[in-house]
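Since every read-out is calculated from the coordinates, none of them should be taken as a lab result. Keep in mind that this is a model prediction, so the values were computed, not measured. Note that each Cβ is placed from the backbone with ideal geometry, even for glycine, and that neighbours are counted across all protein chains shown.
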């Protein structure tokens with residue numbers, strides 16, 4: 001297997017400052033790279049540090065720089081090349097589950113599950129599969145998703161909860177985490193149909209594991225469920241995150257084409273502008289088919305247009321429950 005020539009590592013603010021100091025004071029040739037804190041050329045590699053904490057190392061000497069400079073001098077730990085020793089379960093047969101669209105006003109919520117074993121895990125790592133949030137280009141995400149689908153063949157599933165179904169589920173469940181648990185359970189069950197002997201399912205931490213356990217049917221209740229923070233560092237979860245993002249982006253493009261308005265990601269002012277244009281073209285009820293109606297964005301846009309939820313035949317805004325402190329035990 002070929003050595004990777006590109007690494008993206010997330011650094012803390014202190015680590016970022018230390019890495020920048022190394023580039024400025026060490027035997028490096030400075031480079032001018034837009035939007036970076038520091039950038040330089042080292043031995044057979046190029047390093048770029050960004051304000052977000054992202055460290056991008058590229059070139060045939062990238063692995064050596066990470067192992068012999070970044071890890072010991074900045075991060076204080078050795079991980080590259082030792083992943084299998086530090087985390088033997090990483091390459092063992094298991095599935096990863098992740099979602100996309102949870103924080104986006106427009107479009108569906110998508111949950112994907114991907115299965116890996118030792119051979120698949122090594123191939124995905126060689127393809128530089130990583131958490132989809134570190135992939136800034138939609139095209140790059142779509143291209144990588146295509147390669148993942150080809151490698152996994154039938155060993156992945158995607159569960160897409162379109163806006164109409166999402167709004168019905170929210171009306172019934174009243175909680176994003178309950179919808180997530182339901183979607184995770186469906187993805188796990190569906191992938192077990194294809195890989196019935198998969199022993200373990202891993203996902204990011206978003207709520208009690210019991211939520212997923214309760215949502216699983218009989219077939220899935222024997223699988224070992226595990227949730228942990230930053231689970232996207234696991235190769236199966238990273239693959240699932242990219243597959244979910246790919247499906248979300250494709251669904252958003254289809255909605256944009258159907259309603260004649262470019263629907264942006266997220267919940268920004270740009271999103272509100274597109275939402276206002278959408279309502280002016282199709283009426284407020286269009287949110288039922290295109291958006292997550294419980295978002296405050298719904299009320300902000302309707303108010304700016306002099307409209308109301310009731311007048312546009314939309315469900316009422318969610319009522320936030322008042323916090324009631326628990327009584328201390330006597």
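Highest mean first, how do 31-37, 175-181 rank when packing is the count of other Cβ atoms within 10 Å averaged over residues? Please list the in-between numbers first.
On the way: 31-37: 12.4, 175-181: 19.3.
The packing order, highest mean first, is 175-181, 31-37.
Here r is the Cβ-Cβ distance between residue 224 and residue 193 and R0 is 22 Å; the resulting FRET efficiency, rounded to 0.05, is 0.80. Each 10 Å bin, from zero up to the one with the longest distance, holds this percent of the alpha carbon pairs of segment 195-279: 14, 30, 26, 23, 7.
Distance from the C-alpha centroid of segment 104-178 to that of segment 260-283: 24 Å, rounded to the whole angstrom. Each peptide in 243-249, 151-157 was scored by the mean count of other Cβ atoms within 10 Å over its residues; highest first, the order is 243-249, 151-157. With all pairs of separate Cα atoms included, segment 184-330 yields a Kirkwood hydrodynamic radius of 18.7 Å. Across all C-alpha atoms in the chain, the radius of gyration and Dmax reach 22.5, 67 Å.
Based only on Cα atoms, what Rg/Rh ratio does segment 223-264 have, Rh being taken as Kirkwood's radius? Walk me through the numbers before you get to the answer.
Numbers: Rg = 15.0 Å, Rh = 12.3 Å.
Answer for segment 223-264: 1.22.
Stretched out fully, how many nm does the piece from residue 171 to residue 214 gain, at 0.36 nm a residue minus the Cα gap? Here the answer is 13.5 nm.
Restricting the calculation to alpha carbons of segment 6-81 gives Rg and Dmax of 10.9, 31 angstrom. Convex hull volume of the C-alpha atoms in segment 88-251, normalised per residue: 104 Å³.
When 111, 235 are sorted by how many other C-beta atoms sit within 10 angstrom of their C-beta, beginning with the fewest, the order is 235, 111.
Each of the peptides 186-192, 269-275 was scored by the mean count of other Cβ atoms within 10 Å over its residues; in descending order, highest first, they stand as 186-192, 269-275.
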